[in-house]
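Engineer: Dropping a structure here in structure tokens format, bear with me for questions.
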Amino acid sequence: MPFLHRPQAHKLTALTGHLDCVYTLAGTPGSDTFYSAGADGLVAAWRAAEDAQDGELVAKVENSVYALLHLPQLDLLLIGHNFQGVQGISLSEKKLAFATALPPAAIFDMVYSEVRQRLYVALGDGTLAVLRAPDWRVETLLRLSDKSLRCLALNEERNELAVGGSDWQLRLLDADSLAVRRQWEGGTNSIFTAAYSPDGRYLLTAGRDAHLRRWDLAADCAEQLSIVAHLFTINHLAFSPDGSLLATCSMDKSIKLWDAETLQLLRVLDKARHAGHGTSVNKLFWPGRQNRLVSCSDDRSLAVWQLSSGS
């Protein structure tokens, strides 16, 4: 349901079992199951509808994991295995479906175009890797920068891939040809996260300079809004499935909820007020059921938050 007023929020549970920092979450809005991974190389599955629970081990890899991607239509969970490549786990068969080697670099983000049957992968050496389904072989390795590519966002209607990096640059690429349509300085430091607004009018970005920025796609990507949104690095931003809320999380240990249209701050979830995380909050995921939000942190835990309409 849409939130007509400031949402109330309370922490339902903390999910524990990881042995080190939890860096990433993945799942599909509307599905009860979501996945986590991090510095310990453990990949676990959880249920959004269950409060107290133990995670189910899906995979164990040698190095840390910054990027996961759930492809339910293909029954796959993709793991960005740092310095190794992309591995695909068949969820129904619970076994490795494929492993594709990539240049020995960190893997920071992955997005998949079902229309093109292409997986786009952002690498720490500045390379954009493109894998082609169904065999998941490398189609293209495109060097875009001499610094890390940190985040990707795909807009199928615009045939466009947004790429943010540690060179402070935002690039809009043609999703087919990979030609750079537009490039500009999108911040005063590394850009860690990007997402297209649900209505397709804007591209939102954030990163190390703690600013939340909104770029107007119809006005030559002009900066339409800039907010000092957190005290420190913003690690991730994510729209709620109904498009009414935007959530951001930060190295400052907090999660913030914003009105998606006006970017008015509605609620702050932190340790003092809501028994939140004790260290950096790294990733967010909206399961899309029961108005729940999931977060993960350097404190080795995941938190499940219940949102409700407030005043």
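The values are calculated or read from the model by the stated rules, or taken from the named source; none is laboratory data. What you are looking at is a predicted structure, and each value in this text was computed from that prediction instead of being measured. Cβ: placed from backbone, ideal geometry, glycine included. Neighbour counts: every protein chain shown. SASA here: full protein model, heavy atoms, side chains in, ligands and nucleic acids out. Shrake-Rupley method; radii C 1.70, N 1.55, O 1.52, S 1.80 Å.
Engineer: Would you confirm whether any residue within segment 2-13 is part of a strand (DSSP E or B), at pLDDT 95 or above and open to solvent by less than 50 Å² (accessible area, probe 1.4 Å)?
Structural biologist: Checked against the condition, which is being part of a strand (DSSP E or B), at pLDDT 95 or above and open to solvent by less than 50 Å² (accessible area, probe 1.4 Å), segment 2-13 yields no hits at all.
Engineer: Now a separate question. Do any strands (runs of 3 or more DSSP E) lying entirely in segment 98-176 carry at least 1 residues that are modelled with pLDDT of 95 or more and more than 22 Å from Ala222 (Cβ to Cβ), and which ones are they?
Structural biologist: Working: elements: 107-113, 118-123, 127-132, 137-143, 149-155, 160-165, 169-174.
In segment 98-176, 107-113, 118-123, 127-132, 137-143, 149-155 are the strands (runs of 3 or more DSSP E) which contain 1 or more residues that are modelled with pLDDT of 95 or more and more than 22 Å from Ala222 (Cβ to Cβ).
Engineer: What number goes with the only condition from (1) assigned to a loop (DSSP other than H, G, I, E, B); (2) closer than 19 Å to Ala45 by Cβ that Ile79 does not pass?
Structural biologist: Against the list (1) assigned to a loop (DSSP other than H, G, I, E, B); (2) closer than 19 Å to Ala45 by Cβ, Ile79 comes up short only on (1).
Engineer: Right, something else. Going through segment 85-104 one residue at a time, which ones are surrounded by fewer than 20 Cβ atoms within 10 Å (Cβ to Cβ) and closer than 25 Å to Trp168 by Cα?
Structural biologist: If the condition is that a residue be surrounded by fewer than 20 Cβ atoms within 10 Å (Cβ to Cβ) and closer than 25 Å to Trp168 by Cα, then Pro103, Pro104 are the ones that fit.
Engineer: Would a scan of segment 249-257 turn up a residue that is out of contact with any strand residue (DSSP E or B) (no Cβ under 7 Å at 6 or more places or on another chain), without any contact (Cβ under 8 Å) to a residue 60 or more places away in the chain and under 21 Å from Gly187 (Cβ atoms)?
Structural biologist: For segment 249-257, residues out of contact with any strand residue (DSSP E or B) (no Cβ under 7 Å at 6 or more places or on another chain), without any contact (Cβ under 8 Å) to a residue 60 or more places away in the chain and under 21 Å from Gly187 (Cβ atoms): present.
Engineer: Within segment 235-266, can you find the residues that are open to solvent by 30 Å² or more (accessible area, probe 1.4 Å) and in contact with a helix residue (DSSP H, G or I) (Cβ under 9 Å, 6 or more places away or on another chain)?
Structural biologist: Lys253, the sole residue that qualifies.
Engineer: Looking at segment 138-158, is at least one residue open to solvent by 10 Å² or more (accessible area, probe 1.4 Å), more than 30 Å from Asp242 (Cβ to Cβ), basic (Lys, Arg) and touching an Asp or Glu at 6+ places or on another chain (Cβ under 9 Å)?
Structural biologist: Yes: one or more hits.
Engineer: Continuing with the same structure: Yes or no: Ala303 touching a strand residue (DSSP E or B) at 6+ places or on another chain (Cβ under 6 Å), crowded, with 17+ Cβ neighbours inside 10 Å and under 16 Å from Asp51 (Cα atoms)?
Structural biologist: For Ala303, the condition - touching a strand residue (DSSP E or B) at 6+ places or on another chain (Cβ under 6 Å), crowded, with 17+ Cβ neighbours inside 10 Å and under 16 Å from Asp51 (Cα atoms) - is met.
Engineer: Would you please name the residue that is surrounded by the fewest Cβ atoms within 10 Å (Cβ to Cβ), looking only at residues in segment 28-46 that are closer than 16 Å to Leu76 by Cβ and at pLDDT 95 or above?
Structural biologist: Ala45
Engineer: So Asp125 ticks every box in (1) surrounded by 16 or more Cβ atoms within 10 Å (Cβ to Cβ); (2) in contact (Cβ under 8 Å) with a residue 24 or more places away in the chain but one. Which box is left unticked?
Structural biologist: Of (1) surrounded by 16 or more Cβ atoms within 10 Å (Cβ to Cβ); (2) in contact (Cβ under 8 Å) with a residue 24 or more places away in the chain, only one is false for Asp125: (2).
Engineer: Out of (1) open to solvent by less than 20 Å² (accessible area, probe 1.4 Å); (2) in a strand (DSSP E or B), the odd one out for His230 is which?
Structural biologist: Evaluating His230 over (1) open to solvent by less than 20 Å² (accessible area, probe 1.4 Å); (2) in a strand (DSSP E or B) leaves (2) as the failure.
Engineer: Shifting gears a bit: Just the residues that are crowded, with 16+ Cβ neighbours inside 10 Å and among the polar types (S, T, N, Q), please, taken from segment 105-122.
Structural biologist: Ser113
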